[in-house]
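Peer 1: Sharing a structure, written as structure tokens. Questions coming.
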Amino acid sequence: MLRAFLLYLSNKPRLGRTLDRVPLTRRLVRRFVAGTTAEAAFPVIERLQVADLLSAITYLGENVLTEAAARRAADVYLSLLDEIKRRDLPCVPSLKLTHLGLDLSAALCRENLERVLDRAQAAGRLCWIDMESSAYTDRTLALYEALRPRFPNAACVIQAYLRRSADDLPRLIGLGATIRLCKWAYREPPRLAFVTKREVDANYARLMDLLLTPEALARGAYPAFATHDERLIARAAGRARELGIPPEKFEIQMLYGIRHDLRTRIRDQGLRLRVLVPFGEDWYGYFVRRLAERPANLLFLLKNLVRP
Ligand SMILES: Cc1cc2nc3c(=O)[nH]c(=O)nc-3n(C[C@H](O)[C@H](O)[C@H](O)COP(=O)(O)OP(=O)(O)OC[C@H]3O[C@@H](n4cnc5c(N)ncnc54)[C@H](O)[C@@H]3O)c2cc1C
């Protein structure tokens with residue numbers, strides 16, 4: 001219920017502009033967002049590199065309203081890639097198609113995405129295409145599948161809460177795709193998505209089993225398990241061990257600001273871990289989705305707001 005309400009609020013950017021004026025919100029936001037500029041994100045990424053961790057970088061933004069904003073977002077990703085290459089960081093971009101103009105025109109979005117994929121390819125980097133709400137799933141996967149032959153460095157995302165994922169995943173595995181498996185981050189009707197955590201976790205485990213097979217890996221599929229759920233991370237590690245899958249054939253992914261305590265444990269088991277570091281002024285939707293994932297974050301915010 002609370003989760004659904006928060007996810008509803010995540011689509012109200014005007015509220016974000018009000019919250020942005022509250023100093024405490026800014027402090028809590030900084031737990032999940034490296035800063036408002038790329039200059040604030042790169043030191044975080046360099047610290048991750050020193051700790052032997054891989055990273056991804058996201059310039060926050062979604063559902064842009066003008067062509068100029070969509071082109072600007074793609075330009076930011078181009079300069080991020082130049083900087084990643086210059087600093088030789090084990091870092092890749094992770095972007096949203098609605099940030100590149102998907103709501104405005106498929107052609108504009110494709111053109112922007114091609115520019116970024118092209119620069120990423122030249123820099124020898126993957127580029128993750130995040131998955132947004134179900135209104136975009138078909139268009140996102142169609143664009144991914146159309147561009148993949150030209151850009152094998154493009155990587156896609158499957159959400160375990162969507163019922164359709166059980167059909168989408170085998171097709172993507174058949175293409176030998178690089179696939180992030182995550183749980184859920186948007187509000188969806190029960191017709192399209194599993195609703196309870198138990199169902200979502202069970203489907204995550206089922207999809208993990210499809211990804212972690214010698215056959216899927218032989219086709220070239222590369223799974224990334226994006227979760228902070230210790231049980232599922234241990235499951236991936238255990239299954240890989242059982243099947244003799246070497247640790248460089250898959251990775252675990254986590255978000256900046258969540259479960260720092262797990263990082264060294266995962267790395268010390270010899271697993272690959274990538275931490276996604278977001279930055280930017282447009283933090284509101286991302287931040288409220290992080291609150292929705294864990295109501296304790298909201299309680300912390302409220303308690304501090306009423307504290308004299
Ligand atoms: C690298 C990465 C990329 C992602 N990309 C996408 C995407 O493209 N599309 C999409 O829909 N979703 C994406 N997600 C979000 C994902 O779907 C989940 O919403 C998010 O990871 C929380 O779920 P969980 O798997 O950690 O499991 P949960 O069962 O929600 O959480 C497991 C444990 O993790 C901790 N935890 C989880 N969330 C928080 C939080 N916000 N604050 C504090 N502790 C927390 C808690 O200890 C919790 O018990 C991504 C996640 C990651 C890590």
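Peer 1: From the set of residues in region 219-252 that are in contact (Cβ under 8 Å) with a residue 40 or more places away in the chain and within 16 Å of the chain's Cα centre (by Cα), which is surrounded by the most Cβ atoms within 10 Å (Cβ to Cβ)?
Peer 2: Among them, the one singled out is Pro223.
Peer 1: Now for a separate question. How about region 260-299: which of its residues are over 19 Å from the mean Cα position of the chain (by Cα) and within 14 Å of the ligand (Cβ to nearest atom)?
Peer 2: Asp261, Arg265, Pro295, Ala296, Asn297, Leu298, Leu299
Peer 1: How many residues are in a helix (DSSP H, G or I) and either touching a Lys or Arg at 6+ places or on another chain (Cβ under 8 Å) or hydroxyl-bearing (Ser, Thr, Tyr) (or both) when one looks only at region 265-292?
Peer 2: 3
Peer 1: Is one or more of the residues making up region 109-126 crowded, with 19+ Cβ neighbours inside 10 Å, within 14 Å of the ligand (Cβ to nearest atom) and either part of a loop (DSSP other than H, G, I, E, B) or within 17 Å of the chain's Cα centre (by Cα) (or both)?
Peer 2: yes
Peer 1: Anything in region 127-147 that is closer than 24 Å to Asp82 by Cα and either touching a His at 6+ places or on another chain (Cβ under 6 Å) or in a loop (DSSP other than H, G, I, E, B) (or both)? List them, or say none.
Peer 2: Answer for region 127-147, where residues must be closer than 24 Å to Asp82 by Cα and either touching a His at 6+ places or on another chain (Cβ under 6 Å) or in a loop (DSSP other than H, G, I, E, B) (or both): just Asp130.
Peer 1: Say whether the condition of being modelled with pLDDT of 95 or more, surrounded by fewer than 23 Cβ atoms within 10 Å (Cβ to Cβ) and within 21 Å of Pro223 (Cβ to Cβ) is met by at least one residue in region 72-80.
Peer 2: No: zero hits.
Peer 1: Read through the list (1) more than 9 Å from the ligand (Cβ to nearest atom); (2) under 19 Å from Val92 (Cβ atoms), then give the number of the only condition that Met208 fails.
Peer 2: Every condition holds for Met208 apart from (2).
Peer 1: Restricting to region 92-108, give me the number of residues that are crowded, with 23+ Cβ neighbours inside 10 Å and either over 19 Å from Ala177 (Cα atoms) or among the basic types (Lys, Arg) (or both).
Peer 2: Number of matching residues: 6.
Peer 1: Do you know which residues across region 43-64 are over 13 Å from Leu276 (Cα atoms) and in contact with a Lys or Arg (Cβ under 9 Å, 6 or more places away or on another chain)?
Peer 2: Ala51, Asp52, Gly61, Glu62, Asn63, Val64
Peer 1: Kindly indicate the residue of region 177-218 that is part of a loop (DSSP other than H, G, I, E, B) and among the β-branched types (Val, Ile, Thr) and also surrounded by the fewest Cβ atoms within 10 Å (Cβ to Cβ) among those meeting that condition.
Peer 2: Looking at residues that are part of a loop (DSSP other than H, G, I, E, B) and among the β-branched types (Val, Ile, Thr), I get Thr196.
Peer 1: Something else about it: State yes or no: is Ala234 at pLDDT 95 or above, within 12 Å of the ligand (Cβ to nearest atom) and among the small types (Gly, Ala, Ser)?
Peer 2: no
Peer 1: The conditions are (1) closer than 22 Å to Tyr222 by Cα; (2) touching an Asp or Glu at 6+ places or on another chain (Cβ under 7 Å), and Ala123 fails exactly one of them. Which is it?
Peer 2: With (1) closer than 22 Å to Tyr222 by Cα; (2) touching an Asp or Glu at 6+ places or on another chain (Cβ under 7 Å) applied to Ala123, the lone miss is (2).
Peer 1: Listed residues Phe5, Phe42, Phe32; which is at pLDDT below 95 and either surrounded by 14 or more Cβ atoms within 10 Å (Cβ to Cβ) or closer than 26 Å to Arg263 by Cβ (or both)?
Peer 2: Phe32
Peer 1: Here is a list: Val275, Val288, Val200. Which entry is among the β-branched types (Val, Ile, Thr) and over 29 Å from Arg26 (Cα atoms)?
Peer 2: Val200
Peer 1: Only residues that are under 14 Å from the mean Cα position of the chain (by Cα) and near the ligand (Cβ under 9 Å from one of its atoms): list them for region 159-180, please.
Peer 2: Matches in region 159-180: Gln159, Ala160, Arg180.
The values are calculated or read from the model by the stated rules, or taken from the named source; none is laboratory data. Quick caveat, the model's predicted, so the values are computed rather than measured. With ideal geometry, Cβ positions are generated from the backbone for all residues, glycine too; neighbour counts draw on all protein chains shown.
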